[in-house]
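Values quoted throughout were computed directly from the atomic coordinates according to the rules given, and no laboratory measurement underlies them. These numbers come from a predicted model, not from an experiment. Every residue, glycine as well, gets a Cβ built from its backbone with ideal geometry; the counts of neighbours run over all protein chains shown.
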Amino acid sequence: MTHELEAPGEQVVIARKSVWRRLLHNPLSAAAIVYLAIVVLVAVFQSWIAPFPPERVVPTLTNVSPFGSEYFLGGDRAGRDILSRIIAGTRGGVLSGIIMASVALSIGIVFGLIAGYFGKVFDNVANWVFSVLLAAPGIIILLALYTLVDVSMPVAMAVLGVIASPGVFYLVRTLTLNVRNELYVDAARVAGLSNVRIVGRHVLLAIKGPIIILAAFLCGGAISASAGLEFIGLGNPAEPSWGSILNDAFANLFIAPWQLIWPGLALGLTMAALVLLGNGLRDAIEGSFIKPSLRTWRAEVTGLAGAAAVVRTLGVRGASKAQAGSPETSHLLQIEWLQVGYPNGGKLNPVVDDVSLTVDKGEIVGLVGESGSGKTQTVFAAMGLLPDNAVVAAGSVRLDGAELLGLPDDEFAQVRGSRLAYIPQEPMSNLDPAFTVGSQLMEGIRAQSSTSRAEAKRLALAMLARVGIVDPARTFKSYPHEISGGMAQRVLIAGAVMGKPHLLFADEPTTALDVTVQAEVLDLLRDLQREYGMGLLLVTHNLGVVAAVCDRVVVMRLGQVVEQGTVREVFSHPRHEYTKMLLDSVLDHTEARSPLTEEGGPSDD
Amino acid sequence: MTEPLLTTEDLVVTYGRGRRAHQVLHGVSVCVAPGETLGLVGESGSGKTTLARAALGLAPVSAGRILFRGEDIAHVGPRDRRRLARDIQVVFQDPYTSLNPAMTIRDILTEPLVAQGVPGDKARSRVLELLDRVAMPANSLDRYSREFSGGQRQRIAIARALALDPTFVVCDEPVSALDLSTQRRVLDLLIEIQERTSVAYLFISHDLAVVRHVSHRVAVMLRGEIVEIGPSAQVTEHPQHPYTQRLWAANLVADPDEQERRRQVRAQLNQIAADAATLSERTTP
Amino acid sequence: MLVYTIRKLLTGAVVFVSVTALTFFLLFARGGYEIARSFLSDTATPEQINARAEQLGLLRPIPAQYWDWLVELVTGASLGRSYLTNAPVVDVLMNRSPVTISLLVVSLVLTIAMGIPLGVVAATRGGLVDRGLQIFSVTVQAIPNYGLGLILVLVFALGLHLLPATGFVPLSRGFGPWLATIILPSLAIALGSIAFVGAQIRGAMLDLMRQDFVRTLRSRGVSRRSTVFKHALRSAAPPTLTILSLQVIQIVGGSVIVERIYALPGLGSIALSAGNSGDLPVVLGVVAWIVVIIVAVNLIVDVLNGFLNPKARVR
């Protein structure tokens, strides 16, 4: 029994490449890494690399132009070699970046982890301390300190690290809070792991990505800040630094403005490299978890001739099939040879593949399938609400005989709400948390027709009462988080049927609800459907829901329709193997397990 | 009956304190025998998951006792908890968040073993054995959980729970996130493991059909209390408590004729419980 | 809402006391003798130094000194007098504030007026604007604000002679001249914020347009345009406000350096010179005044957030 293959929808996805390889694959990040490696090498071996000692003064070479003398990048206002000074200043820049970033990171990570993981008093105190730190005008305090005490650059950078630590703290704390409630942390606790081990292993491992990214940006910020401090004349004037070279050049602004270029370039390139490295890391680390961005999709859709060709041929094929097999127009909804796909690397991955189905006036049709069967995508395509990266490659969707596919968006918008409507699955995420229930209902009414606000409100209140909400006026004024999931689903039903649509799509309308609420909501849907004479296409994975309300059923698997017919017919005499397997998996008719007998021999079936 | 393995006595769980205190369990008493499955049904907010978490030491027990083999484990410290981990394990609902995405399957399965001080080579052979037991290929070891489907992840979670040969496993909605066909296979795997190892399950689900399929006995929870408990067949076929009756009538079956009959039963029950229903609708925020 | 506001006000007061106390401790920890020596002339004898320190109350315990400072502030609206000029610190601050507040306001206005539309357009249109925003934000992040300041001076003041390179003209002498002196430094500070806010808005908008409720609203016939401008922008507002309040801190910090480049007589430059000469009351006054500005901005943002986010009010 257990050695059967997994269901076809459950293929193993292998998409793994190390972060390093992905990083080096990106030319910008690779260049940044090479550049930073050179900077570090220069910092370490500066005295061997620099052509002259940074303090060597040759008065005749004062402000000498670049490329003309032994001072390759020119001389400064004291007759020193700018190139040698920049090389000598590298070490300070690199060190300040490392010091500030490591101070900020160690403080932020340690306190963030503790505050996020253990919470309670420590969290409150830490939150408080860091919010004060955040409000303190760090640079000014540092300025004050600088002028009073002889602060060396490393100490100043450490102070700056403390000042920058709230950023790290809040990031780590938020990430830890999210991870703390993950089930795998609970599982680790149940496995008997100590808190230290859980934090060190599970939490840190799970949140390391964003921290590494932040570290790159922090280094950049640190180098910029230390140069900034030197630029305004703080820091050790005896030691050459990028900031002090910039300051020297600034003092010479009216004599030799080109002197600003070299320290500016050293600074700018280093910071740019760190920013690019940070961005590259972000793509490399987060890219392994998220889907390619919209932009990439779009580029592939529009840019790749291959994809376009696929779409075109499929379109021709679909159109010809659609014309061949559809003379009658008596159906309320007629979907024919619908093909929906997501272009990927020049190919179209179809998620809906040659789907044809109909819904008549006053009929409830169940669209059944497991995850990945394409049932929801079929509905989205019929409503013109597919994600931007999806392509309808072929087929036709007709409502009352009129073709919907290819309608411009504003015309489609007029059809939606008034003739087509939709009830989503998850009640809470389908209401905007920032607006009251009433205003969201009124928005729909007023988008469909030019109704006055008062009239729209009256309609909305009446509809809320109709869907069985006890106190419509109160619900109308409520925000989504103030009502229960069952009520939210009723609100969504009210929003959908408000315009008395001819056809209603319901996508798993009861899946997120409790059993008793589910039954009530299904009864409500059925009543409304009869009252308005609507056609209803009900998407579900639950065969019980189909048995409860549907007249006909369409079974989908991997984007294709495998069987359709009346509910009684399909449930009692399934023809397709997949339908049989689904019905066999239903546990309704299995025997209840009998109690454990005294001898300890559990009897099953 | 044999000596119970796990017993809760008048268990009370309260989250928060002071004015924000919120009592979730109001004195729950259940017991699970060795090798037995006790099914726990109830709707969201009924406290069934809290009961499970209390047994795992993840929820604050404010009164009552949890006895495991006669020892009160309601307030044990981390050291005893580590010892108990050998006996008490868990399979969670969501196989997507119950496995750390940053760890390989090998690390996930070895972890409970290492935490108990099992030596490295022994742990390695044990991990292979575990994968075999849940019918996963041995080459899964160096992959990450995101490379597997929901059903496969749940098998890995089961393997992790079995790593230390526990005598008691809490299964918190282990199949709710799975597709119908996968659901059946995972349930049958759990039953098969029980028959082989005599492990006891506390099996939580909102789905009556699932619960009656795997449970020897079934307990029904409503607002932090057990309202009915008894043999699986009795509770699911001849429910006594009005709430269980309502639950049963609302449960959907894949049979249009049966569904028609239940709708009528429900209409009658609704008539009777109309007042109670409006009351509960009003009290929910 | 009132309770919420009062609670935020109290929080602000505690932040003010904490930051000023911390600064006070850091500044005065060296002891009265050292402090007095640093602002007296080099010829002052130890006796003179001691007498001056005694006279200024610098020899008492630091907590007592801080308490006096706080009491004087609350009861007499006074921040003490400068050690060097004996001028009231409040007057010094009032003289210097117009510059820094002008910088703050203009750069905030620039950030809002340019960053938000940039983010919205990049998110909704994609394409060239989107790519442009990304390149812009990497470039601006790579150049520190003083670098930007230098570049702007080189191009607009020294190169094109369009605007003055340095100096400040108060608003009272006309909007045009004021703006001419303030626009370059403000832009130098704001460019980083514009890129940052633009990128954040873009991300928030893209996230929001993928939300389920947007699809549901559209299924009722609400146009795409309306969902973007009513719902997505509204939901992006609270995080944007938070970002802006963080930017205020950045801007205030950045102004110190930018004021030097443009030779602007603002709070940053007085803090720098007062620090150099050991004039602690002035330094402390600048810190206190800036904390007040930051706390006030945060308060406004919190209250606005309370209006925008129904859930925040509950807590």
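Modelled spin-label separation between residue B:272 and residue C:307, with each label point placed 7 Å from Cα along the Cα-to-Cβ direction: 5.5 nm.
Per-residue extension of 0.36 nm, minus the Cα-Cα distance of residue A:127 and residue A:265, leaves a gain of 45.8 nm for this segment. Rounded to the nearest Hz, the phi-derived 3J(HN,Hα) couplings of the range A:533-549 under the Karplus curve 6.51 cos²θ - 1.76 cosθ + 1.60 (θ = phi - 60°) are x, 7, x, 10, 9, 10, 8, 7, 9, 9, 5, x, 4, 4, 4, 6, 10, where x marks glycine and proline.
Within the range A:57-99, what residues put their amide N at less than 12 Å from the label point 7 Å along the Cα-to-Cβ vector of residue A:258? So the set is A:63-69, A:72-75. With the helix formula -39500 (n - 2.57) applied to DSSP H stretches of n ≥ 4, chain A reaches a computed 222 nm mean residue ellipticity of -17500 deg cm²/dmol. Mind pulling the angle between the C-alpha long axis of helix B:180-197 and the longest principal axis of chain B? Nearest 10 degrees, somewhere in 0 to 90. Roughly 60 degrees, rounded to the nearest 10.
Would you list the membrane-span-like helices of chain C, meaning whole DSSP H runs whose alpha-carbon atoms span at least 24 Å along their axis and whose mean Kyte-Doolittle value is at least 1.6? Qualifying helices: C:2-28, C:89-110, C:280-308. Centroid-to-centroid, using Cα positions, the range B:216-242 and the range C:125-195 are 72 Å apart.
Could you point to the residue in C:57, C:24, C:4 farthest towards the positive end of the range C:2-89's charge dipole, with +1 and -1 charges on the Cβ of Lys/Arg and Asp/Glu respectively? After comparing all options, I get C:4.
Assuming charge only on the beta carbon of Lys and Arg (+1) and of Asp and Glu (-1), the dipole of the range B:99-163 about its Cα centre is about 120 debye to the nearest 20. Contact order, relative form, for chain C: 27 percent (alpha carbon pairs under 8 Å, 6 or more residues apart, mean separation divided by residue count). Computed over the range A:27-127, the percent of Cα pairs more than 17 Å apart is 67.
Once the gyration tensor of the Cα atoms in chain A is diagonalised, the equivalent ellipsoid follows with semi-axes of 63, 30, 27 Å, ordered largest first. Placing unit charges on the Cβ atoms only, positive for Lys and Arg and negative for Asp and Glu, gives the range C:2-89 a dipole magnitude near 360 debye about its Cα centre. May I ask for the distance between the Cα centers of the range A:152-183 and the range B:94-108, given as a whole number of Å? About 27 Å separates the Cα centre of the range A:152-183 from the one of the range B:94-108.
Of C:167, C:124, C:109, whose Cα points farthest to the positive end of the dipole of the range C:90-287 (charges on the beta-carbon: +1 Lys, Arg; -1 Asp, Glu; origin at the Cα centre)? Comparing the listed Cα positions along the dipole, C:124 ranks first. Remark: the range B:139-243 is approximated by an ellipsoid whose semi-axes, taken from the C-alpha gyration tensor as √(5λ), come to 29, 15, 12 Å, largest first.
Listed from fewest to most Cβ neighbours within 10 Å, the set C:146, C:33, A:578 follows the order C:33, A:578, C:146. A simple spin-label model places the labels of residue A:195 and residue A:572 6.4 nm from each other, with each point 7 Å out along Cα-to-Cβ. Here's how it looks for residue B:228: its modeled amide H is under 5 Å from those of B:220, which are all 5 or more places away or on a different chain.
Gain on full extension, evaluated as 0.36 nm per residue between residue B:132 and residue B:114 minus their Cα-Cα distance, stands at 4.5 nm.
Tell me, in nm to one decimal, what length is gained between residue C:105 and residue C:175 on full extension, where the rule is 0.36 nm per residue of separation less the Cα-Cα distance?
Working it through step by step, the gained length comes to 23.8 nm.
Whole-Hz Karplus values for the range A:516-524 come out as 5, 5, 4, 4, 5, 5, 5, 4, 4 Hz, taken residue by residue from phi with 6.51 cos²θ - 1.76 cosθ + 1.60 and θ = phi - 60°; glycine and proline positions read x. Kindly provide log₁₀ I(q)/I(0) values, in the same order as q = 0.15, 0.20, 0.26, 0.27 Å⁻¹, from the Debye equation applied to equal alpha-carbon scatterers of the range C:162-223. With no solvent term, the Cα-only Debye profile gives -0.64, -0.81, -1.00, -1.02.
With the Kirkwood sum run over all distinct C-alpha pairs, the range C:2-89 has a hydrodynamic radius of 14.8 Å. Across the cross-link table entries A:500/C:230; A:477/A:500; A:375/A:580; A:361/A:500, which are compared at the Cα atoms, the separations over 21 Å belong to A:500/C:230; A:477/A:500. On the principal axes of its alpha-carbon atoms, the range C:231-272 has extents of 45, 16, 11 Å, going from largest to smallest.
If you wrap the tightest convex hull around every Cα atom of the range B:99-163 and split its volume per residue, you get 72 Å³.
Principal semi-axes of the equivalent ellipsoid, √(5λ) from the alpha carbon gyration tensor of chain B, are 34, 24, 17 Å from largest down. Suppose R0 equals 22 Å; then what is the FRET efficiency for residue A:453 and residue A:410 from their Cβ-Cβ distance, rounded to the nearest 0.05? After rounding, the FRET efficiency stands at 0.45. In this simple spin-label model, placing a label point 7 Å from the Cα along the Cα-to-Cβ direction at both residue A:560 and residue B:241 gives a separation of 4.9 nm. Here the protein assembly as shown is treated with +1 on each Lys and Arg Cβ and -1 on each Asp and Glu Cβ, and its dipole about the Cα centre works out to around 2360 debye. If you take the alpha carbon atoms of the range A:74-113 and fit the smallest convex hull around them, that volume is 61 Å³ per residue.
The angle separating the long axis of helix B:120-133 from the principal Cα axis of greatest extent in chain B is about 40 degrees.
Amide H of residue A:393: which non-local residues (sequence gap of 5 or more, or other chain) have their own amide H closer than 5 Å, using H built in the peptide plane? Those lying under 5 Å, H to H, from residue A:393 are A:339, A:340, A:341.
Positive end of the dipole of the protein assembly as shown (Cβ unit charges, origin at the Cα centre): among A:358, C:200, A:174, the Cα lying farthest that way belongs to C:200. Relative to the longest principal axis of the Cα atoms of chain A, helix A:153-180 runs at roughly 10 degrees. Between residue C:7 and residue B:104, what's the calculated FRET efficiency when r is the beta-carbon distance and R0 is 41 Å? Round to 0.05. Using R0 = 41 Å, I get an efficiency of 0.30. In the protein assembly as shown, the alpha-carbon atoms span a convex hull of 214 Å³ per residue. Over the range C:90-287, the pair-distance histogram of Cα-Cα distances with 10 Å bins from zero comes to 9, 30, 29, 19, 10, 4, 0 percent, rounded to whole numbers.
With a Förster radius of 25 Å applied to the beta-carbon distance between residue C:155 and residue A:38, the computed FRET efficiency rounds to 0.25.
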